[in-house]
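A short write-up of the structure that comes next.
The values are calculated or read from the model by the stated rules, or taken from the named source; none is laboratory data. Predicted, not measured: the structure shown is a model, and the values here were computed from it. Here the Cβ positions follow ideal geometry from the backbone for every residue, glycine too, while neighbour counts run over all protein chains shown.
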Amino acid sequence: MGRLVAAIDVGTNTVLLLIARVDTDGTIVPIKEVYRVPRLGAGVDARKTLHPDAIARVIAVLNEYRAIASSHGADRTIVGATSAVRDAANRDDFIRLVHHQTGLNLEVLSGEEEALWSYHGAISDLPSANQVLVLDIGGGSTEMIWGNATAITKRVSSNIGAVRLTERCFYHDPPSEAEIDQADGLIDRALGPITRTSVPAVQLVAVAGTPTTLATLALGLKEFSQKAVAGYLLEREVIEKLWNRLHRLPAAEIRKLSDVLEGREDVITAGTLILRRVMDRFGFDAVTVSDRGLRYGLVLRDARTD
């Protein structure tokens, strides 16, 4: 049995905690998972700085997570930050403040590193993965990683995510058709020239809040169920039905659909739009939902360097 590790993923919208150990065969054994939605990246796309209120919210979450990790006897706590912190002009100040107020060392991951470890986290419970495209729709960026169980073929990090797309394009609640068209154009440009023929894959696996939320809604659940959502096959037809409902509702009405939408109600429309466009671009009729991702990858990285 490996050591007990706490991994914290500081994203643009969420901050996720995983406490786990890695067995000698490489299997991740989760002990505790927690998520909070402090939206560190609110306004970063426009201001290029992290707002003091958002910083305070995240530091409060990190102190909470540090206490949880300690209570579970974690041997080490890893903290990885992604798009919002990468893009912020005051990121060094944020890193110093986190260390001063929590004692934690925050590592800012590049887009390539985020893609790499999100991929390994996503396929950690797919030992027979072959020709897989892993899609990680974050708040600030979207990562696409092609590969199999042993190697990565290609990885791309696009500077577009559910929060960033919402802030750039959606000025009405719900968004207008013109705003949706504008967002479509941004997504297409972010995806660039890559097509299914240039980078083949037979299975699409999606991680993060957008696919898990859509799976929760498709199953008609009022609360998140890891058991129900993990590995759920979400068909394109079902996504389209959810899209037709979501993009016509104001955020307050979206929030009423399920408790899983708390903190996501105003960005789930943009996240769903990204997922639809990726599926159409690469010709997928269904997506396998994974409740894993970067935090699982960080635990694996730690085990490999132990």
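If only residues of the range 127-144 that are part of a loop (DSSP other than H, G, I, E, B) and under 30 Å from Glu265 (Cα atoms) are counted, the one that is nearest to the chain's Cα centre (by Cα) is Gly138.
Taken over the range 1-42, residues that are more than 17 Å from the chain's Cα centre (by Cα) and β-branched (Val, Ile, Thr) amount to 8.
When the range 116-144 is limited to residues that are crowded, with 24+ Cβ neighbours inside 10 Å and of a type in the set (S, T, N, Q), the one that is nearest to Val289 (Cα to Cα) turns out to be Ser118.
Given Thr166, Thr150, which one is of a type in the set (Ser, Thr, Tyr), outside the structural domain of Val22 (by TED's automatic domain parsing) and free of Cβ contacts under 8 Å to residues at least 40 places away in the same chain?
Thr150
Surrounded by fewer than 17 Cβ atoms within 10 Å (Cβ to Cβ), polar (S, T, N, Q) and modelled with pLDDT of 95 or more: does that describe Ser176? Taking the combined requirement at face value, the residue satisfies it. When Asp53, Asp45, Asp87, Asp92 are screened for being under 30 Å from Leu165 (Cβ atoms) and within 17 Å of the chain's Cα centre (by Cα), only Asp87 passes.
Of the strands (runs of 3 or more DSSP E) lying entirely inside the range 179-294, the ones with 2 or more residues being crowded, with 16+ Cβ neighbours inside 10 Å and modelled with pLDDT of 90 or more are found at 203-207, 286-289. Step by step: first the residues of the range 196-233, then only those that are in contact with a strand residue (DSSP E or B) (Cβ under 7 Å, 6 or more places away or on another chain) and among the β-branched types (Val, Ile, Thr), then the one that is nearest to Gly139 (Cα to Cα). Which residue is that? Ranking the qualifying residues of the range 196-233, first place goes to Thr210.
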